[in-house]
1. Could you run through region 191-217 and say how many residues are assigned to a helix (DSSP H, G or I) and either surrounded by 19 or more Cβ atoms within 10 Å (Cβ to Cβ) or aromatic (Phe, Trp, Tyr) (or both)?
2. Residue under question is LYS82, and the condition is that it be of a type in the set (Lys, Arg) and under 21 Å from ILE255 (Cβ atoms); does it hold?
3. So SER125 fits all but one of (1) over 23 Å from GLY271 (Cβ atoms); (2) small (Gly, Ala, Ser); (3) in contact with a helix residue (DSSP H, G or I) (Cβ under 9 Å, 6 or more places away or on another chain); (4) surrounded by 14 or more Cβ atoms within 10 Å (Cβ to Cβ); what number is the exception?
4. I'm trying to understand the selection: among the residues of region 237-290, which are touching a helix residue (DSSP H, G or I) at 6+ places or on another chain (Cβ under 7 Å), farther than 14 Å from LEU106 by Cβ and basic (Lys, Arg)?
5. Filtering region 176-190 down to residues that are acidic (Asp, Glu) and assigned to a helix (DSSP H, G or I), which residue is surrounded by the most Cβ atoms within 10 Å (Cβ to Cβ)?
6. Which residue pairs have Cβ atoms closer than 7 Å, lie 6 or more positions apart in sequence or on different chains, and pair a first residue in region 80-96 that is modelled with pLDDT of 95 or more with a second residue that is aromatic (Phe, Trp, Tyr)?
7. Condition first: of a type in the set (Gly, Ala, Ser) and in contact with a strand residue (DSSP E or B) (Cβ under 6 Å, 6 or more places away or on another chain). Now tell me which residues in region 145-200 satisfy that.
8. Can you tell me how many residues in region 46-57 are in contact (Cβ under 8 Å) with a residue 12 or more places away in the chain and surrounded by fewer than 16 Cβ atoms within 10 Å (Cβ to Cβ)?
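The values are calculated or read from the model by the stated rules, or taken from the named source; none is laboratory data. All of these numbers come straight from a predicted model, not from anything done at the bench. Positions of Cβ are generated from backbone atoms using ideal geometry, with glycine treated the same way; all protein chains shown enter the neighbour counts.
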Amino acid sequence: MKGCIYVRPAYEPTGKYFKETVLLEHGVYLFAKSLNEEWKQNPVRFSEKDYLDFFYNYRKKYTPNLYMASVEGDNYHKLLEKAKSNGFTVNEFITSAFSIATMETLKKNEIRLGVAANIRKELVSEPNDCMGNFVTGISAKACYDPENDFITNAKIIIKAMNEQLKNIQKRHLAVHFLGQFEKDFIESIMFAAYDDFQHDASKKLAELIGEKSKDKGLGISNLGRYEYNKFESIKILDLQFIGPAFPANLLTVGIITVNNKLNLCLRFNEGEINFDTIKIICEKSIGLLI
């Protein structure tokens, strides 16, 4: 790949953006530092042509598709009541249902579960009110025992997830770890994972954060609930949230609640999992929820 003539700014420490300083474990810090030094010994600046070539090569391998479903009316209220009566938040309930349905359908006993974590209140300067979340993410191992009922399995999954979410060190790990690297090094990950870019440091980092992993996971991305009361005579009848495409996930579930209606959007790659399987996973999940 040919480099371009400009040089991008070096990385910025992420710590200055957060109210509470979170330090990486010493071993993780040293490993990140060694990778960054390895990159700086042989850096690459990507050109516009490089980005275009990568985009077309990536699209040859990954053909995104969507499957959408909704839970509304009596079923929506059943979901809320079932979650509450079993001691779950709605997010926890949906996450566990999709985890179990995915593992059951694919005949797996465990799967890597990636969940977004809202960090608005942890920023030094909280952003203005808006529908999007400022997020980081955690990764937990979801396990499934077919001998257990749904609620028992769900409690095990949520416990594993909350151990990550409620620990600020683990919740901020991805943000502060990636903050150790220069911007060009971060951008090189996709070229190393999904193109023919040969760079040892980039490949190591791509594998480390799951981009090169063959064991694809499940992602849950929840835009949350928003009350539309500031638009005068304009009424929003429906809205879908298409979650971000993360190639390390087998599928990513985007969730948004609008007008007492829960909308689910499953984003997946046709080359890895077919539409009928996604439909089965979604129908099983809704069956568990209501």
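1. Number of matching residues: 8.
2. The answer is yes for LYS82.
3. Result: SER125 fails condition (4) only.
4. Across region 237-290, the qualifying residue is only LYS261.
5. ASP184
6. ALA83/PHE93
7. Hits for region 145-200 are ALA160, ALA174.
8. So the answer is 4.
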